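Here is the structure we will look at, set down as structure tokens.
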Amino acid sequence: MSIVYFTLVAAVLYLFSDWVLQYAEIVIGRRLQHRSLLFFLILLTLAITSFTLIGRMTGNS
């Protein structure tokens, strides 16, 4: 069952990371130069945090 949690959270994190990056670009007022790297860093940070929490909550840590 934990694989379902990981999959659903991964999809949500992907969409949320894209939203965060787009919002940051709107606030700054321009398109960021290393957009894909920043997207990766946002997604990686959120994924490590949330996957660690899911692992602990489901007992798969």
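The values are calculated or read from the model by the stated rules, or taken from the named source; none is laboratory data. What you see is a predicted model, and the numbers here were worked out from it, not measured in a lab. In this analysis, Cβ positions are derived from the backbone assuming ideal geometry, glycine residues included, and neighbour counts consider all displayed protein chains.
For the structure I just gave you, tell me whether L38 is surrounded by 15 or more Cβ atoms within 10 Å (Cβ to Cβ), part of a helix (DSSP H, G or I) and not aromatic (F, W, Y).
Yes; evaluated as a whole, the condition is true for this residue.
Report, by residue number, each residue of region 2-35 that is part of a loop (DSSP other than H, G, I, E, B) and exposed (fewer than 13 other Cβ atoms within 10 Å of the Cβ).
G29, R30, R31, Q33, H34
Which pairs do you get when a residue that is over 17 Å from V12 (Cβ atoms) and at pLDDT 95 or above, found in region 36-61, comes within reach of a residue that is part of a helix (DSSP H, G or I) and not charged (D, E, K, R), reach meaning Cβ atoms under 7 angstrom, with the pair 6+ apart or on two chains?
L38/L21
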